[in-house]
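Notes for the one structure printed next.
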Amino acid sequence: MNFCSHCGASVELRIPSGDTLPRYVCRQCATIHYQNPKVVVGALAVWEDKVLLCRRAIEPRHGMWTLPAGFMENEETTAQAAARETLEEACARIEVGELYTLIDVPHISQVHIVYRARLLDLDFRAGEESLDVALFTEDEIPWEQIAFRSIAISLRHFFDDRRSGQWGVHTASLAPPPPEWR
Ligand code: ZN
């Protein structure tokens, strides 16, 4: 950050009095620009024994498969974000169900949340940010081509829980990946 979004003057990085971490502080109007983690919300939408996946048309991980998911917008709930992202990326309507996974990704300052959901009809297609959208059985999941670790973790839990019939909320905290994955 170089300039204050409030008045346009330059900012400096310093620890404000009473604080413990360096913040961008405006040299002119003294506004403190806090930077906090971003929340990514997705939906694990199910039709019969199949799960809805999108093939990414954007970076990062162009061409790889993921659950419909994206950054929360201001003034929406996490469940609304899951439904909105599913509509945008897969043009699909869902009924959002239970909270399913909550995964901290501290090295990139993100929190990933996935809801279970029910696909309401089969009238879906690739949205602007997707190359393709399709339903996959467990055997068909392209495990080597899943775009993000939090999504792969959510899918693994889903098929394990479905087998055992024991559903719950799963949490995890991801360490930075090895350099060859970055
Ligand atoms: Zn300012």
Q.
Among (1) touching a residue at least 24 places away in the same chain (Cβ under 8 Å); (2) surrounded by 15 or more Cβ atoms within 10 Å (Cβ to Cβ); (3) touching a Lys or Arg at 6+ places or on another chain (Cβ under 6 Å), there is one condition G97 misses while meeting the rest; what is its number?
A. (1)
Q: Please go through region 126-143 and pick out each residue that is in a loop (DSSP other than H, G, I, E, B) and over 20 Å from the mean Cα position of the chain (by Cα).
A: T137
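Here's the yes/no breakdown for (1) modelled with pLDDT of 95 or more; (2) surrounded by 12 or more Cβ atoms within 10 Å (Cβ to Cβ); (3) not charged (D, E, K, R):
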residue: S109; (1), (2), (3): yes, no, yes
residue: H112; (1), (2), (3): yes, yes, yes
residue: E129; (1), (2), (3): yes, yes, no
residue: E138; (1), (2), (3): yes, yes, no
residue: W143; (1), (2), (3): yes, no, yes
residue: I146; (1), (2), (3): yes, yes, yes
residue: I151; (1), (2), (3): yes, yes, yes
Q | Residues being assigned to a loop (DSSP other than H, G, I, E, B) and either away from the ligand (no atom under 13 Å from the Cβ) or of a type in the set (A, V, I, L, M, F, W, C) (or both) - total across region 1-27 | A | 12
Q: With the checklist (1) in contact with a strand residue (DSSP E or B) (Cβ under 8 Å, 6 or more places away or on another chain); (2) over 17 Å from I153 (Cβ atoms) in hand, flag the one item I58 doesn't pass.
A: (1)
Q: Would you be able to say whether some residue in region 35-45 is within 16 Å of the ligand (Cβ to nearest atom), at positive phi and either more than 17 Å from the chain's Cα centre (by Cα) or crowded, with 16+ Cβ neighbours inside 10 Å (or both)?
A: no
Q. Any residue at all in region 80-93 that is more than 28 Å from E140 (Cα to Cα) and either in contact with a strand residue (DSSP E or B) (Cβ under 9 Å, 6 or more places away or on another chain) or within 16 Å of the ligand (Cβ to nearest atom) (or both)?
A. yes
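Could you list, in sequence order, all residues of region 144-155 that are within 20 Å of G70 (Cα to Cα) and not in a loop (DSSP other than H, G, I, E, B)?
Result: Q145, I146, R149, S150, I151, A152, I153, S154, L155.
The values are calculated or read from the model by the stated rules, or taken from the named source; none is laboratory data. Remember, predicted model here, so these are calculated numbers, not experimental data. Ideal geometry is used to build each Cβ from the backbone, glycine not excepted, and the neighbour counts take in all protein chains shown.
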